[in-house]
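A short worksheet on the structure shown next.
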Amino acid sequence: MIRAVLFDLDGTLLDRDRSLEAFLDNQYDRLEAFRHIPKEPFKLRFVELDARGCVWKDRVYRTLIEEFGAEGRANAEELLADYVNSFRLHCRPFPGTIELLEGLKRRGFKLALVTNGYTDFQESNISALNLNPFFDEILISEREGVRKPDPEIFLRALHRLGVSPEEAVFVGDHPENDIEGAAKAGLRTIWKEDSGCAKPTDATGSIRHLSEIPCILERWNVE
């Protein structure tokens with residue numbers, strides 16, 4: 001019997017691609033740092049360097065300044081601070097996020113959010129999406145001192161929820177950090193399909209849209 005559902009944040013509940021594009025549009029228009037080049041090359045190169053969120057933005061901005069000849073026009077530390085402070089204003093959830101979480105809570109599932117990242121930055125994004133009321137536990141890697149795909153962070157979430165691995169499922173988009181890590185901790189897994197990644201071989205199930213999750217849970221709970 002599945003009693004708990006654990007979620008990743010970026011790429012699963014937070015539509016990071018759409019959020020990042022909105023932020024970059026705003027930062028380019030608002031600041032003078034890269035106005036000497038067209039907007040689209042700036043955005044495209046940022047996304048490349050960002051590597052789907054795996055590279056922290058201090059390195060991204062330093063590289064952009066060097067490659068686009070923005071020395072004297074831009075300061076990497078100031079741009080990073082603007083990213084940290086302003087990204088939350090452009091956070092976009094995937095369609096159906098709130099409806100899904102409301103429905104799972106009504107049905108009595110325990111919910112946890114398990115995300116890699118810096119504590120203050122991720123907390124601000126979670127708050128911007130109004131997700132806090134839905135989750136019984138929120139684990140952020142910096143605060144926990146352990147990162148996905150280490151099974152420890154998944155097991156820690158289960159312990160706090162008071163459920164066993166066999167009673168839980170993890171939903172995420174990253175084949176290694178989310179699916180492989182959760183599977184090693186003994187959870188069932190639902191891969192939120194991402195065209196930029198190869199399908200993980202150890203996913204118990206897969207979805208294209210969040211609205212598919214309740215049907216999967218219902219099927220597993222009657223097996």
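The values are calculated or read from the model by the stated rules, or taken from the named source; none is laboratory data. For clarity, every value in this text was computed on a predicted model and none was experimentally measured. Using ideal geometry, Cβ is built from the backbone for each residue, glycine included, and neighbour counts are taken over all protein chains shown. Surface areas here come from the heavy atoms of the whole protein model, side chains and all, with no ligands, DNA or RNA. Shrake-Rupley method; radii C 1.70, N 1.55, O 1.52, S 1.80 Å.
Looking at the structure I just gave you, is residue 31 at negative phi, of a type outside the set (S, T, N, Q), surrounded by 13 or more Cβ atoms within 10 Å (Cβ to Cβ) and modelled with pLDDT of 95 or more?
So residue 31 fits the description; yes.
In this structure, does residue 4 turn out to be open to solvent by less than 30 Å² (accessible area, probe 1.4 Å), under 15 Å from residue 84 (Cα atoms), modelled with pLDDT of 95 or more and small (Gly, Ala, Ser)?
No, not satisfied.
Would you say residue 142 is open to solvent by 80 Å² or more (accessible area, probe 1.4 Å), in a helix (DSSP H, G or I) and touching a helix residue (DSSP H, G or I) at 6+ places or on another chain (Cβ under 6 Å)?
When the stated conditions are applied, residue 142 passes them.
What about residue 180, is it charged (D, E, K, R), closer than 19 Å to residue 165 by Cα and surrounded by fewer than 21 Cβ atoms within 10 Å (Cβ to Cβ)?
Spelling it out, residue 180 is indeed charged (D, E, K, R), closer than 19 Å to residue 165 by Cα and surrounded by fewer than 21 Cβ atoms within 10 Å (Cβ to Cβ).
Output the residues belonging to the range 159-197 that are in a loop (DSSP other than H, G, I, E, B) and over 20 Å from residue 211 (Cα atoms).
The answer is 162, 163, 164, 185, 186, 187, 196, 197.
When only residues in the range 149-166 that are open to solvent by less than 50 Å² (accessible area, probe 1.4 Å) and in contact with a strand residue (DSSP E or B) (Cβ under 7 Å, 6 or more places away or on another chain) count, which is farthest from residue 8 (Cα to Cα)?
Among those that are open to solvent by less than 50 Å² (accessible area, probe 1.4 Å) and in contact with a strand residue (DSSP E or B) (Cβ under 7 Å, 6 or more places away or on another chain), it is 163.
Kindly list the number of the only condition in (1) over 15 Å from residue 2 (Cβ atoms); (2) crowded, with 22+ Cβ neighbours inside 10 Å that fails for residue 133.
Here residue 133 meets the rest and fails (2).
Within the group 143, 88, 92, 106, which residue is farther than 20 Å from residue 21 by Cβ, touching a Ser or Thr at 6+ places or on another chain (Cβ under 8 Å), modelled with pLDDT of 95 or more and among the basic types (Lys, Arg)?
The unique qualifying residue is 143.
Somewhere in the range 106-114, is a residue hydrophobic (A, V, I, L, M, F, W, C), open to solvent by less than 50 Å² (accessible area, probe 1.4 Å) and free of Cβ contacts under 8 Å to residues at least 60 places away in the same chain?
no
Residue under question is residue 50, and the condition is that it be open to solvent by less than 20 Å² (accessible area, probe 1.4 Å) and charged (D, E, K, R); does it hold?
Against the criterion (open to solvent by less than 20 Å² (accessible area, probe 1.4 Å) and charged (D, E, K, R)), residue 50 qualifies.
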